[in-house]
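The values are calculated or read from the model by the stated rules, or taken from the named source; none is laboratory data. Only a predicted model underlies this, so the values are computations on that prediction, with no experimental measurement involved. Note that we place each Cβ from the backbone using ideal geometry, even for glycine, and neighbour counts take in every protein chain shown. Keep in mind that these areas ignore ligands, DNA and RNA; they rest on the heavy atoms of the full protein, side chains included. Shrake-Rupley method; radii C 1.70, N 1.55, O 1.52, S 1.80 Å.
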Amino acid sequence: MVDSTLGEGGHTEAFLSKYPKLSVIGLDADSNIQKKAKERLAIFGNRVQFRNTWFNDFYENYPKDEKRPDIILFDLGISVFHYERSGRGFSFRYNEALDMRLNSESEISAADIVNRYDEKNLADLIYLYGEERYSRKIASAIVKARMVKKLESSKELADLIYDAVPAQYRHGGIHPATRTFQALRIAVNGELLRLPKALQAAFNVLSIGGKLGVITFHSLEDRIVKNYFRNLEKKCVCPPEFPSCKCGGQPCCELLNRKPVLPSQEEIQKNSPSRSAKLRVVRKLREASERHLLGIAGNGY
């Protein structure tokens with residue numbers, strides 16, 4: 001199995017505990033959180049290997065002569081570690097440096113975006129990646145504030161957003177900065193940009209008959225996964241102008257759940273971030289082609 005988003009190792013621990021003959025390769029771009037996973041999974045010895053890399057790089061460069069995995073899992077949520085203990089400004093509840101990089105070697109941080117982007121591009125980013133209806137008000141407030149002083153902390157940005165939105169919006173189900181912080185995190189880490197091709201590369205690395213599962217946490221990434229899996233299930237993905245089928249005319253996968261698996265109320269009570277999780281799983285029947293990526297937008301910005 002390959003755990004594409006190892007985090008602190010929770011999923012891998014569960015799989016290794018349940019299946020004694022299973023071995024896992026765990027991927028994570030963040031070397032700090034991977035240290036936590038190594039401590040947690042030490043009891044499993046050589047049944048687990050660790051790779052400090054982005055998942056798209058791993059699958060795109062997977063050696064052709066290496067054994068193919070039977071299971072691939074993506075959990076696209078951000079770990080509690082990053083929100084609570086990374087000190088990188090993922091959460092608006094703490095006064096931390098406005099960073100949001102999963103990999104500290106990445107070139108651009110959240111502070112770079114809020115202090116450098118012009119107002120229109122900033123508003124478009126917040127709207128596109130955060131689906132924030134007050135994106136223009138927020139972008140305008142950010143630009144005005146940074147003319148006085150550079151924005152450097154997560155709390156400073158959250159307070160600014162709180163003051164920028166209408167009064168009734170401040171007392172909804174979520175903090176008014178939630179969607180903007182989501183948008184910045186997605187942009188900083190290229191989450192939606194890397195996802196479509198990563199799914200394609202991972203699917204083609206998977207063994208025939210193997211299973212690919214993806215857990216999403218917001219509508220943008222779930223739309224990408226859902227549309228890609230639907231394309232894989234189609235018998236033909238040739239453009240309509242083709243006089244006859246050129247792609248093989250056979251589905252590449254079997255959908256194992258028509259509707260996403262949602263968390264139970266018991267799970268939500270134990271783990272509140274799981275409330276927005278959706279799991280989709282397919283079984284591989286044959287290789288996919290580039291045509292299966294047609295129409296799968298990564299919401300490029």
Among residues of the range 248-294 being more than 29 Å from I208 (Cβ to Cβ) and among the acidic types (D, E), the residue farthest from the chain's Cα centre (by Cα) is E266
Quick check, is F90 within 22 Å of N271 (Cα to Cα), in a loop (DSSP other than H, G, I, E, B) and either under 18 Å from the mean Cα position of the chain (by Cα) or in contact (Cβ under 8 Å) with a residue 24 or more places away in the chain (or both)? yes
Across the range 68-87, which residue is nearest to I161 (Cα to Cα) among those that are over 17 Å from the mean Cα position of the chain (by Cα) and in contact (Cβ under 8 Å) with a residue 40 or more places away in the chain? S86
Considering the range 25-43 alone, what residues qualify as being part of a helix (DSSP H, G or I) and either at positive phi or open to solvent by less than 30 Å² (accessible area, probe 1.4 Å) (or both)? I33, Q34, A37
Within the range 208-227, is even one residue in contact with a Cys (Cβ under 6 Å, 6 or more places away or on another chain) and of a type outside the set (S, T, N, Q)? no
Output the residues belonging to the range 190-221 that are within 19 Å of L256 (Cβ to Cβ) and in a loop (DSSP other than H, G, I, E, B). L206, S207, I208, G209, G210
List the number of the failed condition for V225; all other conditions in (1) part of a loop (DSSP other than H, G, I, E, B); (2) crowded, with 19+ Cβ neighbours inside 10 Å; (3) within 20 Å of the chain's Cα centre (by Cα); (4) not acidic (D, E) hold. (1)
For K270, only one of the following conditions fails: (1) within 30 Å of Y83 (Cβ to Cβ); (2) in contact with a strand residue (DSSP E or B) (Cβ under 6 Å, 6 or more places away or on another chain). What is its number? (2)
Condition first: surrounded by 14 or more Cβ atoms within 10 Å (Cβ to Cβ) and touching a His at 6+ places or on another chain (Cβ under 8 Å). Can you find one or more residues in the range 281-301 that meet it? no
Taking the residues in the range 228-245 that are open to solvent by 30 Å² or more (accessible area, probe 1.4 Å) and under 20 Å from K284 (Cα atoms) as candidates, determine which candidate is modelled with the lowest pLDDT. C236
Check on G172, free of Cβ contacts under 8 Å to residues at least 60 places away in the same chain and surrounded by fewer than 16 Cβ atoms within 10 Å (Cβ to Cβ): yes
Which pairs have Cβ atoms under 8 Å, sit 6 or more apart or on different chains, and link a residue in the range 36-56 that is within 29 Å of L193 (Cβ to Cβ) to one that is among the aromatic types (F, W, Y) and buried (at least 17 other Cβ atoms within 10 Å of the Cβ)? A37/F50; K38/F50; R51/F58; F55/F74
Out of all the residues in the range 106-150, which are outside any helix (DSSP H, G or I), open to solvent by less than 50 Å² (accessible area, probe 1.4 Å) and under 13 Å from T180 (Cβ atoms)? E132, Y134
Step by step: first the residues of the range 79-89, then only those that are within 16 Å of T178 (Cα to Cα) and either of a type in the set (D, E, K, R) or modelled with pLDDT of 85 or more (or both), then the one that is surrounded by the fewest Cβ atoms within 10 Å (Cβ to Cβ). Which residue is that? E84
Looking at the range 165-189, which of its residues are within 30 Å of A29 (Cβ to Cβ), part of a helix (DSSP H, G or I) and among the small types (G, A, S)? A183, A187
Mind listing just one residue for me: the one in the range 91-105 that is more than 13 Å from A187 (Cβ to Cβ) and out of contact with any Gly (no Cβ under 6 Å at 6 or more places or on another chain) and, of those, least open to solvent (accessible area, probe 1.4 Å)? S91
Is it fair to say L22 is within 28 Å of R286 (Cα to Cα), open to solvent by less than 80 Å² (accessible area, probe 1.4 Å) and assigned to a loop (DSSP other than H, G, I, E, B)? yes
